[in-house]
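Structure, as structure tokens:
Here, each number is a calculation from the coordinates, and none is a lab measurement. Being a predicted model, the structure only gives us computed values, none of them experimental. Cβ sites come from the backbone with ideal geometry, for glycine too, and all protein chains shown count toward neighbours.
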Amino acid sequence: MSFRVLGIGIGAVIFYAAASATLLGGCDDPGHANVCTSQVPLVCPASPPRYLDVAPIFDAKCGSCHVATTDGEGPWPLDTYDNVSEWAGLIRQDLLNCSMPPADSGLAMTPAERWTVLSWVLCDTPQ
């Protein structure tokens, strides 16, 4: 089966293979090692996660910092589909880099949560 049949290009395969190796090996920061033990999805699953599947993850793991504020302080909000999908690329990057949620936040994602969010982003953030 070719990569084109799977709906991805060779560049995506190389990127996700490298990212997968990074996640499997853990991060440079020992505090992140337990967070980054899952593999990275290479293809969108037949039944992709939808926003309703990832919203509780964002609420539980991101919502305590990423909230809308009236004073404009703090990071951008991740509390609606539009807010989250707008930042999908950076969210993917931060999950692959093991930089979010921060190790000292006490809000580590499980491998299943990380896989679900990364799959959702890979599948073009279905609503």
Self-check item: Estimated FRET transfer efficiency (LEU52, GLN93; beta-carbon r; R0 22 Å; 0.05)
Solution: 0.40
Quiz item: For ALA68 and ASP124 in one chain, what is 0.36 nm times their gap in residues minus the Cα-Cα distance, to one decimal in nm?
Solution: 17.8 nm
